[in-house]
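The values are calculated or read from the model by the stated rules, or taken from the named source; none is laboratory data. Remember, it's a predicted structure, so these values are computed and weren't measured experimentally. Here the Cβ positions follow ideal geometry from the backbone for every residue, glycine too, while neighbour counts run over all protein chains shown.
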Amino acid sequence: MSTKDRKKIKFKDFITLQRWFDLPDRDRQDGNFPIIASTSITWWHNQYKVEPPVITTGRSWSLGSVLYTNQRSWPLNTTLRVKDFKCNEPRFIFYYLQTLHLEKFNAGAGVPTLNRNHLDNLDLIIPLLPTQQTIASILSKYDDLIENNNQRIKILEQEAELIYKEWFVKFKFPWWEKAKMECDWSESGVVPEWWGMKKIKDFCDIKSWFSFKSSDFDDNWKYWLVTIKNVQDGFFVPKCTDYFNTLPNKLPEYCILKDWDILLSLTGNVWRICLVYGDDYLLNQRVAKLVAKNKLYNSFLYCLFKNNNMRTKLEGISKWAAQQNLSPIETWELLVCLPDDNNIKSFEKIVWPMIWEIISLNKQDENLKQTRDMLLPKLISGEVVV
């Protein structure tokens, strides 16, 4: 980008940020309009405050994250929203703000806080509108592909969960009409013949307990340490903060994660379950890895722990101190209604390809994000000419 394609201005002449609206939990009602907190959409409400496009960044607690949506929304008062685009391309603003690393402008003593007034006289160099639009168009293509993949992932997960529920909760598996139902000591009252109650430990190992030392960390990335914050409900968040160049001594083999590993949170929301995609992650102590003793049970095991019945069981045995904590030993002892191998094998044939596609799509997303994030500063600075 040549100098004639860009200009030097103050932040206050680029955009105007404004603090937005409080919405206590007691006043929230389910609806179609996203409630935007400092880092993400946290709920859906039946009312909105602003028209799209909506661009926000964290104002308190979590700083630096930038969010864009084309939906009518309710930004919370933990955010700053772009109120005035000042004739700049909105999508470009979204990308440009990410390069400023706004977390550097923390003005809080205890709680991290972003004071918009501290940004007003910041010097910026920005491209002219036509170039802004071109940059936004290039980067948006990556985000569109990522969003398409995410929608596909959501559909696949819903399909897998629906099949599990139909087969193993409602007992409407293939040829269910021919199955003989027998009284059983399960919570279901009756189960198909050849099914029965078994403990989790009869078909699943729960691996955890290894504690890493901060002295093991080093600055050369090779392995990321997965902590409780990386385990979200239904998906894996691979943005870890602690990392290693070489593996610590006496590291158990189960701590080295790989594709298809199933993780369960043992602290906080103890029912969070997700799949791993990637082979450069290590397991931390407050996260458990679920290992099926028979590979036949992989898809079944994942769907079993995602089902609401299992979530209720896990919450029922969890202990409270400062936060919820789940004991792997007590989880081992939980009773579940286990289908026969033929039903599980049939389930695996249908659902395993869905799960594998979910992992593949997540990997595609990571590659797209890495390429986009590599291009972003180069396009903004003019190192890559458009």
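Taking the stretch 1-86 and the strands (runs of 3 or more DSSP E) fully enclosed by it, the elements with 3 or more residues that are closer than 23 Å to K104 by Cα are at 6-10, 16-19, 54-58, 66-69, 79-84. K345 meets the conditions (1) in the same structural domain as P192 (by TED's automatic domain parsing); (2) basic (K, R); (3) part of a helix (DSSP H, G or I) in every case but one. The failed one is (1).
Condition test on W74, is it in contact with a Lys or Arg (Cβ under 6 Å, 6 or more places away or on another chain), over 30 Å from K378 (Cβ atoms) and without any contact (Cβ under 8 Å) to a residue 24 or more places away in the chain? Spelling it out, it is not the case that W74 is in contact with a Lys or Arg (Cβ under 6 Å, 6 or more places away or on another chain), over 30 Å from K378 (Cβ atoms) and without any contact (Cβ under 8 Å) to a residue 24 or more places away in the chain.
Scanning the stretch 269-313 for residues that are of a type in the set (V, I, T), buried (at least 21 other Cβ atoms within 10 Å of the Cβ) and within 14 Å of Y254 (Cβ to Cβ) yields V276, V287. Tallying residues that are of a type in the set (A, V, I, L, M, F, W, C) and either within 21 Å of the chain's Cα centre (by Cα) or assigned to a strand (DSSP E or B) (or both) within the stretch 118-138 yields 3.
Looking across the stretch 340-367 at every residue that is acidic (D, E) and within 21 Å of the chain's Cα centre (by Cα), the one that is modelled with the lowest pLDDT is identified as E366.
Being free of Cβ contacts under 8 Å to residues at least 12 places away in the same chain and either under 30 Å from T131 (Cα atoms) or crowded, with 18+ Cβ neighbours inside 10 Å (or both): is that true of K4 here? Judged against the criteria, K4 is a match.
Number of residues in the stretch 164-195 that are at pLDDT 80 or above, at negative phi and under 37 Å from the mean Cα position of the chain (by Cα) equals 13. Of all residues in the stretch 114-130, those that are farther than 18 Å from T56 by Cβ and either aliphatic (A, V, I, L, M) or exposed (fewer than 12 other Cβ atoms within 10 Å of the Cβ) (or both) total 9. Restricted to helices (runs of 4 or more DSSP H) entirely inside the stretch 250-339, those with at least 2 residues that are modelled with pLDDT of 85 or more and among the β-branched types (V, I, T) are 308-317, 328-332.
Filtered by the rule that a residue be of a type in the set (K, R) and assigned to a loop (DSSP other than H, G, I, E, B), the stretch 88-117 gives no residues.
Summed over the stretch 67-113, the residues that are surrounded by fewer than 20 Cβ atoms within 10 Å (Cβ to Cβ), touching a helix residue (DSSP H, G or I) at 6+ places or on another chain (Cβ under 9 Å), β-branched (V, I, T) and within 28 Å of D25 (Cα to Cα) give a count of 0.
Across the stretch 7-41, the number of residues qualifying as charged (D, E, K, R) and in contact (Cβ under 8 Å) with a residue 24 or more places away in the chain comes to 7.
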